[in-house]
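Scroll down for the structure; my scribbles are underneath it.
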Amino acid sequence: MEIVILTGMSGAGKSLAMNYLEDMGFFCIDNLPPVVLPHMVQTFAKGGAADGTGIKRVAFVVDIRSLEMFSGILPALDEIDALRIPCRILFLEASDAALVGRYKETRRNHPLAEGRGLPQALQLERQKLEDLKERATDVIDTTNLAPSDLRNKLYKLLSDEGRENRMSVLVQSFGFKYGIPPDCDNVVDVRFIPNPFYEPDLKTLSGLDAPVRDFVRKFPETGEFMDRLASILDFTIPFYLREGKVRLTIGIGCTGGRHRSVVLAEDLAARLKGKGLPIHVDHRDIDRDPLRRK
C-alpha cells in the first residue's frame, strides 16, 4: 500500500495535483480533518489490496481548509509515525505574488481571509504550515510551473515504473456496422483485407480461432500494413506522452467486428507490449453476430 499526504499553501495547485494522482491510480480523499487521518491511514494500510477493493495507492489531501481542526495535524503525524506506517508528505508551495494572482483569477476566497486581507491571510497560513513543511518528504514550488510541469514532477516522484506507464493503451476491435466507438483516438479500417466471413469453414469462427488468424495473416498486404501501423505508433506515442495523455484508444474496425479486426487487434497489442506500455485489448462486437451466438 502506497500512502501519500498532499498538503501545502492554498492556491498552490493541490486540486490539480489531486487530479494527476487520480490519473496515476491513487484513490484520493480531499479535505480530510487531521483528527481522523491516523485512523484512515491505518485502515487502508491494514487492508491493502487484499480487502477486495483493489486499492493499492491512497492520497489524503489535508490543508488549512479544516480551520481550527488543522492544529491537530502534527499530533496526527506523530501517531502515524508511532504506528510505523510509511507515508509520503508532498507539500506544494508558491510565492505570495503567484498566489494572489491565482486568487484574483479564480475569484475564490482564501480559507483564512475572513476579517483580513489576502496578503495577511497568506502570511498567517505560512505560519500555520511552517512546521508541517519542515516534515514534508518533498516540497514542490509551483510559482513558475505550468500544469504539465507539475504533472511531470509528480510522475517523476511517484512513478516507480518509468515515464511510459503514465499512459495505458486500449486496442479495441469493432464492427463498422455497429458504429465507431465514440472514445477512439485513432480509427483504423482493415476492410481492405479479404473477409473470412465469405469462407464457409470460417464464417462462424472468430479472429481468436487459429484458422481465421492464418487466413487473415496469409496476405502480404496484412503484414506490410501492420508494419506501417506499428511504425506510425512508434512515432506518435512519445508525443502523446509529452502532451500528458493517460489513455490512448486505438479502434480497429472491420465489417462485423468478429474476424479481421480481432486478428489485427491482437497482433497490434502483441507488438505494443514490447514497448513497455500497459496494453489492454477489448473485442467489442465479437459476439454480436447472430451466427456466432448460434
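The values are calculated or read from the model by the stated rules, or taken from the named source; none is laboratory data. Treat the numbers as computed from the prediction; the structure is a model and nothing was measured. Positions of Cβ are backbone-derived with ideal geometry, glycine not excepted, and every protein chain shown enters the neighbour counts.
Just a few scattered comments:
- Test: Phe225 is touching a His at 6+ places or on another chain (Cβ under 8 Å) and in contact (Cβ under 8 Å) with a residue 12 or more places away in the chain: no
- Here Arg116 meets the list (1) free of Cβ contacts under 8 Å to residues at least 40 places away in the same chain; (2) part of a helix (DSSP H, G or I) almost entirely, failing just condition (2).
- Consider segment 265-282 and keep the residues that are assigned to a helix (DSSP H, G or I) and out of contact with any Lys or Arg (no Cβ under 9 Å at 6 or more places or on another chain). The one that is nearest to Ser159 (Cα to Cα) is Lys273.
- Residue in segment 12-26 that is at pLDDT 90 or above, among the polar types (S, T, N, Q) and either more than 17 Å from Leu157 (Cα to Cα) or in the same structural domain as Leu129 (by TED's automatic domain parsing) (or both) present: yes
- Filter pass, Phe44 being at pLDDT 85 or above, more than 26 Å from the chain's Cα centre (by Cα), surrounded by 12 or more Cβ atoms within 10 Å (Cβ to Cβ) and not polar (S, T, N, Q): no
- Close pairs (7 angstrom Cβ cut-off, 6 or more residues apart or separate chains): free of Cβ contacts under 8 Å to residues at least 40 places away in the same chain in segment 60-80, in a loop (DSSP other than H, G, I, E, B) anywhere: Ser66/Asn31; Ser66/Pro33; Met69/Pro33
- Count of residues meeting criterion [touching a residue at least 24 places away in the same chain (Cβ under 8 Å) and assigned to a helix (DSSP H, G or I)] in segment 4-21: 6
- Leu92 vs. criteria of a type in the set (A, V, I, L, M, F, W, C) and within 17 Å of Ser15 (Cα to Cα): yes
- Residues that are part of a loop (DSSP other than H, G, I, E, B) and closer than 30 Å to Leu241 by Cβ do occur in segment 199-218, at least one of them.
- Sole residue being under 18 Å from Leu158 (Cβ atoms) and either under 24 Å from the mean Cα position of the chain (by Cα) or part of a helix (DSSP H, G or I) (or both), chosen from Ile73, Ile85, Ile89: Ile89
So that you can scan it fast, the table gives a plain yes or no per residue for (1) among the basic types (Lys, Arg); (2) surrounded by fewer than 19 Cβ atoms within 10 Å (Cβ to Cβ); (3) assigned by TED's automatic domain parsing to the domain that holds Phe239:
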position	(1), (2), (3)
Asp78	no, yes, no
Ile85	no, yes, no
Ala94	no, no, no
Leu124	no, yes, no
Glu130	no, yes, no
Ile140	no, no, no
Asn144	no, yes, no
Tyr178	no, yes, yes
